[in-house]
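**Student:** Mind looking over this structure? Questions follow.
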């Protein structure tokens, strides 16, 4: 009631973004009104362009502007190993480590009975299809280290057991740079049971 | 390098918003990609529409979609008093109190030598023009209670002194609901010197 209609509309639209409350939405709206016209317009254009161009890779489920994505078609990548992640953004986190040079598979979620998400909602069929021809030797389960991620990893491990493929899971343990004193007991127990001999 | 071009562009555009760092920009971009198409499109449309329709009221400097704005043209409002604020959003804060039914004037900033903003950058000429015909009896200086707001109020008070208009300033004092113990000494000193007799 205090603002002109189109400003109210903008505040409402911004308020739907995650982590953006009414106050922040108002601040962002004012910023967009006072910013140079190109900046506001380029944000609007970027939203529309991304929505138009970006889709999921039909092979691995990564976000891409071509199909299959550049990770699936890169001949330099190891074609015998698939790393299974929950979301496309997890791929970025793993790529940044520069440790892994194999393929990916995005489940687009994790098993979460509370949210009504079962295995049938995840992109598991596509994963099984990729394992059919026997070229894949290892599947790394890189789902999150939380309850849902763990449940999903356990489900997949059981599902893949009959296939002639090695199934591994990311290691649990102390985060690098952390203090033992502040580690929670579950993490510490996992770090203990997963201890490795030093060379 | 990890994302398709158009996704990178969207992340960059979102990252220019105030208070949005690279991580948040990424989260917002993923949200916009996964949200229903109408939602993303309506945000883009709202940005463009607000930029097209909203401008500053030529009389008071409020944000509006018509000119003069609904506050300037409301016949129910007291036409003899002007409340001077720094930003258009301050009007909303004051309107919400339902205490004030007069006119407004937005300076579009405050005097801040550090940021290179002097009186000539503020909409002061327009304010003086509105005081010319002698219809305005009081000017309430409602700039912020910080150094810049105070400097601006002092400057305006001096400037308006020769005119036959009462110049007032919002009261300083303890915020309602606050603890005396936690008030800073400047606020407490102001609250003390501004003490009022109880009826």
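Every read-out reported here was derived from the displayed coordinates using simple, explicitly stated rules and does not represent laboratory data. Quick caveat, the model's predicted, so the values are computed rather than measured. Note that we place each Cβ from the backbone using ideal geometry, even for glycine, and neighbour counts take in every protein chain shown.
**Student:** Given the -39500 (n - 2.57) contribution per DSSP H run of 4+ residues, what per-residue ellipticity at 222 nm results for chain B, rounded to the nearest 500 deg cm²/dmol? Walk me through the numbers before you get to the answer.
**Tutor:** On the way: 8 runs with 86 residues, N = 199.
Taken over chain B, the calculation gives -13000 deg cm²/dmol.
**Student:** May I ask for the distance between the Cα centers of segment B:114-190 and segment A:152-174, given as a whole number of Å?
**Tutor:** 67
**Student:** OK, next. Find the chain A residue whose Cβ sits closest to the rotation axis that carries A onto B, and give that distance in whole Å.
**Tutor:** For chain A, the closest residue to the axis carrying it onto B is A:44, 2.
**Student:** What is the distance in Å between the Cα centroid of segment A:20-44 and that of segment A:68-100?
**Tutor:** Centre-to-centre distance over Cα atoms comes out at 35 Å.
**Student:** Now, a different point. If I model a spin label as a point 7 Å beyond the Cα along the Cα-Cβ vector, how far apart are those points for residue A:154 and residue B:164 in nm?
**Tutor:** About 8.6 nm, to one decimal.
**Student:** Label points 7 Å out from Cα along the Cβ direction at residue A:180 and residue B:172: separation in nm?
**Tutor:** Between residue A:180 and residue B:172, the simple spin-label model gives 5.5 nm.
**Student:** With r as the distance between the Cβ atoms of residue B:121 and residue A:120 and R0 = 51 Å, compute the FRET efficiency 1/(1 + (r/R0)^6) and round to 0.05. It would help to have the intermediate numbers written out before the result.
**Tutor:** Details: r = 62 Å, r/R0 = 1.21.
For R0 = 51 Å, the calculated efficiency reads 0.25.
**Student:** Looking only at A:127, A:163, A:174, which one moves most when chain A is put into a Gaussian network model with springs between Cα atoms under 10 Å?
**Tutor:** Its mean-square fluctuation being the largest, the pick is A:174.
**Student:** If you don't mind, there's one more thing I want to ask. Hey, what did chain A get for relative contact order, percent, Cα under 8 Å, at least 6 apart? Numbers along the way, then the final one.
**Tutor:** Values: 223 pairs, mean separation 26.0, N = 199.
So the answer I get is 13 percent.
**Student:** Would you calculate the separation in nanometres between label points at residue A:16 and residue A:52, each defined as 7 Å from the Cα along the Cα-to-beta-carbon direction?
**Tutor:** Inter-label distance under the simple model: 2.0 nm.
**Student:** Over segment A:128-194, what relative contact order in percent results from Cα pairs under 8 Å that are six or more residues apart?
**Tutor:** 29
**Student:** Report, in degrees rounded to the nearest 10, the 0 to 90 angle that the Cα long axis of helix A:5-15 makes with the longest principal axis of chain A.
**Tutor:** Taking Cα atoms only, the helix is inclined about 20 degrees.
**Student:** Length gain on complete extension for the stretch residue B:131 to residue B:23, per 0.36 nm per residue less the alpha carbon to alpha carbon distance? Mind showing how you got there, number by number?
**Tutor:** Working: separation 108, 0.36 × 108 = 38.88 nm, distance 4.94 nm.
Separation in residues times 0.36 nm, less the Cα-Cα distance, equals 33.9 nm.
**Student:** Using the 2.2 N^0.38 Å rule of thumb for compact globular proteins, work out how segment A:52-195 stacks up: its C-alpha Rg over that value, please.
**Tutor:** In units of the globular-protein estimate, segment A:52-195 measures up at 1.10.
**Student:** Have a look at A:92, A:59, A:84 and tell me which one the Gaussian network model of chain A (Cα, springs below 10 Å) gives the largest fluctuation.
**Tutor:** A:92
**Student:** From the label point of residue B:134, set 7 Å along Cα to the beta carbon, how far off in nm is each other copy's matching point, shortest first?
**Tutor:** 10.4
**Student:** Now for a separate question. Roughly how tilted is helix A:22-34, in degrees to the nearest 10 and between 0 and 90, from the longest Cα axis of chain A?
**Tutor:** The angle comes out near 60 degrees.
**Student:** Regarding segment B:5-53, what are the three Cα extents along the principal axes, ordered largest first, in Å?
**Tutor:** 31, 24, 19
**Student:** Next question, about the same structure. Tell me the distances, shortest first, between residue A:175 and the same position across the other copies, using label points 7 Å along Cα→Cβ, in nm to one decimal.
**Tutor:** Inter-copy label distances (nm, one decimal, shortest first): 3.1.
**Student:** Then there is this: When the label point is put 7 Å from the Cα of residue B:144 along its Cα-to-beta-carbon vector, which residues of segment A:18-43 have a backbone N closer than 18 Å?
**Tutor:** A:23-35
**Student:** Something else about it: How far is residue B:98 from the same spot in each other copy, in nm, shortest first, if each label point sits 7 Å from Cα toward Cβ?
**Tutor:** Label point to label point, same position, other copies: 6.3 nm.
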